[in-house]
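Remarks on the structure that follows.
The values are calculated or read from the model by the stated rules, or taken from the named source; none is laboratory data. This structure is a prediction, so every number in the text was calculated from the model and none was measured. Here Cβ is always computed from backbone atoms with ideal geometry, including for glycine, and neighbour counts include all displayed protein chains.
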Amino acid sequence: MTLRLPLFEYRTPTSLAEAVAILSDSDGGAVIAGGGTDLFPKMKRRQTTPTTVVSLSAIPELSGIEIDSEGNCRLGASTPVAAVAASELVPAVVAAAAAEIASPQIRNTATLGGNLCLDTRCNYIDMPELWREASGHCLKDGGDTCWVAPRGDRCWAISSTDLAPVVIALNGTLRLVGPRGERETPAEALYRNDGIDYHDRSDDEILTQVMLPPFGGRATYRKLRRRGSIDFPLVGVAAAAHLDDRGTVGSIRLVVGAVASAPLRATAAEEFLVGRQLTDEVIEEAARLASHHVRPQDNTDTGSRYRKWMTPVFVTRALQDLRA
Ligand SMILES: Cc1cc2nc3c(=O)[nH]c(=O)nc-3n(C[C@H](O)[C@H](O)[C@H](O)COP(=O)(O)OP(=O)(O)OC[C@H]3O[C@@H](n4cnc5c(N)ncnc54)[C@H](O)[C@@H]3O)c2cc1C
């Protein structure tokens, strides 16, 4: 079946102010496009049918990576994922996670902002319209049943962005601009564990910049996926820590992605790890604590039990990376 895009107006504002004006004048009918690598397939499947697509690609101030006078790494939201992966200015863990996203072609088109604002995904919503009509529309699609957990009343679509766990682990801050002005928020605060209402961001707010504070510690990202390329994460674990000379953890941020509708901070494991050395026993207990509350659902590649089993395995690998 050939899937064609529906009709829409394509706007390419050349300034942030113009983009904000288009969004605020559109009465909710406009959507923001970064590279469109996720948005356009969704439009082809009629998961969303905006009247206007506002591309950010012609706004120069949204692109580029720099280190400011205080040592913060500032990344424009329209910076291509491939440029993030190739950059020597960004923390190595960010470049490495970016290099694991999708494929070279997609990384060239996809943007950092699009990755951080990626819609939640699920086997029941990411289907062509005819399939969804035949099976019955799910909660995220305007229906009254979640086909993943029909007795529940929430949507379990998954947060599958690779960069969000890493940006949260590095305690990144996001700058958002919209008709009501500009604000900054910790990256962690952007995400809600709800497959439909997954962002603390209104539709007319543009993510403009990601700010990563200077980080002198160790960090890693471990991603489980079926193939070594193209595939979304089935589990993604980001960890960033400061260890002293004896290997004792002074501070740590541990984030598990792709197992819920938001990246999850593993705070119980973090608290347990502070003041301890990363011995095998400590890592095992931290991995247990980090995965205890993780409840993946059967709504992506591979079964939920497999992802549940693999979560402590990937937390263990991430903590071993920090120890090494
Ligand atoms: C085959 C395939 C494999 C993929 N594999 C991966 C993977 O391994 N890991 C992964 O993380 N992703 C993956 N993706 C998803 C997607 O390609 C990437 O997440 C990509 O980085 C999205 O960026 P984009 O600029 O193309 O986003 P778009 O498609 O343009 O936008 C995505 C969403 O973000 C919103 N948005 C975009 N920019 C902004 C902004 N500046 N402010 C506010 N909202 C914004 C859009 O409105 C839309 O809702 C894959 C996609 C495909 C098709």
Qualifying residue in the stretch 225-237 (condition: part of a strand (DSSP E or B), over 30 Å from D27 (Cβ atoms) and hydroxyl-bearing (S, T, Y)): no
Selection count, the stretch 261-303, where residues are over 30 Å from K140 (Cα atoms), surrounded by fewer than 20 Cβ atoms within 10 Å (Cβ to Cβ) and not aliphatic (A, V, I, L, M): 11
Complete set of residues in the stretch 108-125 that are of a type outside the set (S, T, N, Q) and closer than 15 Å to I65 by Cβ: L112, G113, L116
Single unsatisfied condition, S55 versus (1) over 26 Å from E188 (Cβ atoms); (2) modelled with pLDDT of 95 or more; (3) within 13 Å of the ligand (Cβ to nearest atom); (4) out of contact with any strand residue (DSSP E or B) (no Cβ under 8 Å at 6 or more places or on another chain): (4)
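For the stretch 58-70: of the residues being touching a helix residue (DSSP H, G or I) at 6+ places or on another chain (Cβ under 9 Å) and assigned to a helix (DSSP H, G or I), which is nearest to the ligand (Cβ to nearest atom)?
Checked the stretch 58-70; the qualifying residue nearest to the ligand (Cβ to nearest atom) is L62.
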Of all residues in the stretch 207-238 being of a type in the set (S, T, N, Q) and within 9 Å of the ligand (Cβ to nearest atom), the one that is modelled with the lowest pLDDT: S229
Matching residues in the stretch 238-258 - criterion: being over 18 Å from S291 (Cβ atoms) and outside any strand (DSSP E or B): D244, D245, R246, G247
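Filter the stretch 97-117 down to the residues that are of a type in the set (G, A, S) and surrounded by 22 or more Cβ atoms within 10 Å (Cβ to Cβ), then identify the one that is farthest from A169 (Cα to Cα).
Of the residues in the stretch 97-117, the ones of a type in the set (G, A, S) are 97-99, 102-103, 110, 113-114.
After this cut, where a residue has to be surrounded by 22 or more Cβ atoms within 10 Å (Cβ to Cβ) as well, the list is 97-98, 110, 113-114.
On the way: A97: 12, A98: 15, A110: 22, G113: 17, G114: 19 Å.
If we take residues in the stretch 97-117 being of a type in the set (G, A, S) and surrounded by 22 or more Cβ atoms within 10 Å (Cβ to Cβ), then A110 is farthest from A169 (Cα to Cα).
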Unique match (being over 23 Å from A239 (Cα atoms), surrounded by fewer than 18 Cβ atoms within 10 Å (Cβ to Cβ), in contact with a helix residue (DSSP H, G or I) (Cβ under 9 Å, 6 or more places away or on another chain) and of a type in the set (V, I, T)) among T49, T37: T49
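Considering the stretch 128-147 alone, what residues qualify as being of a type in the set (G, A, S) and part of a helix (DSSP H, G or I)?
A134, S135 - these are the residues of the stretch 128-147 that are of a type in the set (G, A, S) and part of a helix (DSSP H, G or I).
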Options T302, T316; residue that is touching a residue at least 24 places away in the same chain (Cβ under 8 Å) and under 30 Å from I125 (Cα atoms): T302
Near pairs, Cβ below 7 angstrom, 6+ apart or cross-chain, from the stretch 233-252 (at positive phi) to any residue that is of a type in the set (D, E, K, R) and not in a strand (DSSP E or B): G247/R323
Some residue of the stretch 245-268 being among the acidic types (D, E) and modelled with pLDDT of 95 or more: no
Selected residue (criterion: nearest to the ligand (Cβ to nearest atom)) from residues of the stretch 151-176 that are farther than 22 Å from N123 by Cβ and part of a helix (DSSP H, G or I): L163
Qualifying positions in the stretch 3-45 - under 19 Å from G114 (Cα atoms), more than 10 Å from the ligand (Cβ to nearest atom) and of a type in the set (S, T, N, Q): T12, T14, S15
Any pair with Cβ under 9 angstrom, 6 or more apart, that starts in the stretch 1-27 at a residue that is farther than 15 Å from V53 by Cα and among the aromatic types (F, W, Y) and ends at one that is part of a loop (DSSP other than H, G, I, E, B) and modelled with pLDDT of 95 or more: none
Considering residues of the stretch 125-137 that are touching a Gly at 6+ places or on another chain (Cβ under 9 Å) and either at negative phi or at pLDDT 95 or above (or both) only, the residue surrounded by the most Cβ atoms within 10 Å (Cβ to Cβ): I125
Any chance T120 is within 14 Å of the ligand (Cβ to nearest atom) and surrounded by 23 or more Cβ atoms within 10 Å (Cβ to Cβ): yes
Any hit, the stretch 196-206, residues being more than 15 Å from the chain's Cα centre (by Cα), within 16 Å of the ligand (Cβ to nearest atom), among the charged types (D, E, K, R) and at pLDDT 95 or above: yes
